[in-house]
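Have a look at the structure below before the remarks.
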Amino acid sequence: VQLQASGGGLVQAGGSLRLSCAASRRTFSTYGMGWFRQAPGKEREFVAAISWSGGRTYYADSVKGRFTISRGNAKNTVYLQMNSLKPEDTAVYYCAARGNLYSDYDVDGVYDYWGQGTEVTVSS
């Protein structure tokens, strides 16, 4: 599965962005998907995840209530709507896929496929 992330950019604090991650495979609808981010000088961290059906979603505490993950299986795409952005949200955002979403959805090492990353910069 090839993943292509897009939608990053420069935004002021309090603004919004929507990231997209397009998958190359038709079986995308059977994959659990996650978003991770890595800020300069920091380790990659979990942001959000969604099950193959969209029925289960998970968020890091730092983004809960501000970010929303969703998916459009007909378009082989997963989205991350980011509202009320803060300077600390500045990072490169990566989408990732795995066959099933288990309780370790927040562990980057269990994901099988990764996109190239899209950069988000939030100015204060």
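No value in this document is a laboratory result; all are computed from the given coordinates. Quick caveat, the model's predicted, so the values are computed rather than measured.
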Rg/Rg_globular for segment 1-53, with Rg_globular taken as 2.2 N^0.38 Å and Rg from C-alpha atoms: 1.33
How large is ³J(HN,Hα) for each residue in segment 40-51, as worked out from phi by the Karplus curve 6.51 cos²θ - 1.76 cosθ + 1.60 (θ = phi - 60°), to whole Hz, x for Gly and Pro? x, x, 10, 6, 5, 10, 5, 10, 7, 8, 9, 6
In nm², what is the average projected area of the convex hull enclosing the Cα atoms of segment 18-83? 4.8
Using only Cα atoms, locate the centre of segment 40-60 and the centre of segment 67-119, then give the distance between them in Å, rounded to an integer. 5
Would you mind listing how long the chain runs along its three principal axes, going by Cα atoms, in whole Å with the largest first? 40, 26, 24
